[in-house]
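Undergrad: If you scroll down you'll find the structure; I have some questions about it.
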Amino acid sequence: MDRRHELYCQREEISAEPFPGQCLRTFLRGLGFFGVKKGCDQGDCGACTVHIDGKPSICLTPAFRAAGTRSLPSRGWCATASCTPVQQAFLDAQAFQCGFCAAGMIMTAATFDAQAREDLPRLLKGNLCRCTGYHSIDDALHGVVNARRT
């Protein structure tokens, strides 16, 4: 069985094979995708969130389970010089402080529709932020602008 893993990053396909027992986060970081953070090592913080076939997935996912899927770490998500709407919303609302949770938070929030945005406390429970108190993240996901562009 072919266990090679294809990553779609900045519109470039990268093919690599994980080590036996390797988790997805370690595999991705080994390939240079440092936006996938090592937070709690227990799947509770969300700093490691990536998309697998368009759905958020966390670090506890064994790397071999992502073989044959379309996987997208945060670095590959913004494939052009401009930001995605969710990334821009986070910038406009200043929805980060230290930035540690930002990539995982954005990857999770990118899957939300308007109805999901009304249930943020439940849907973001797997993404922890120690700095913002979540108010600015809520602002970002509801289109509130807290920063002026110069």
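Undergrad: For Ala95, which of the numbered conditions (1) part of a helix (DSSP H, G or I); (2) in contact with a helix residue (DSSP H, G or I) (Cβ under 6 Å, 6 or more places away or on another chain); (3) crowded, with 20+ Cβ neighbours inside 10 Å fails to hold?
TA: The single condition Ala95 does not satisfy is (1).
Undergrad: Something else about it: Output the residues belonging to segment 103-150 that are in contact with a helix residue (DSSP H, G or I) (Cβ under 6 Å, 6 or more places away or on another chain) and β-branched (Val, Ile, Thr).
TA: Result: Ile106, Val145.
Undergrad: Also, I was wondering about something else. Taking the options Cys48, Cys23, Cys59, name whichever one is in contact with an Asp or Glu (Cβ under 8 Å, 6 or more places away or on another chain) and surrounded by 13 or more Cβ atoms within 10 Å (Cβ to Cβ).
TA: Cys59
Undergrad: Answer yes or no as to whether Thr69 is surrounded by 14 or more Cβ atoms within 10 Å (Cβ to Cβ), modelled with pLDDT of 85 or more and in contact with a strand residue (DSSP E or B) (Cβ under 6 Å, 6 or more places away or on another chain).
TA: In short, no.
Undergrad: When you scan segment 124-135, do you find a residue that is outside any loop (DSSP other than H, G, I, E, B) and under 20 Å from Val50 (Cβ atoms), even just one?
TA: Scanning segment 124-135 turns up no residue that is outside any loop (DSSP other than H, G, I, E, B) and under 20 Å from Val50 (Cβ atoms).
Undergrad: Taking segment 96-117 as the region of interest, how many residues are farther than 16 Å from Gly35 by Cβ and touching a His at 6+ places or on another chain (Cβ under 9 Å)?
TA: Looking only at that region, the number is 2.
Undergrad: For segment 100-123, give me each residue that is surrounded by 11 or more Cβ atoms within 10 Å (Cβ to Cβ) and assigned to a loop (DSSP other than H, G, I, E, B).
TA: Phe100, Cys101, Ala110, Thr111, Phe112
The values are calculated or read from the model by the stated rules, or taken from the named source; none is laboratory data. Keep in mind that this is a model prediction, so the values were computed, not measured. Every residue, glycine as well, gets a Cβ built from its backbone with ideal geometry; the counts of neighbours run over all protein chains shown.
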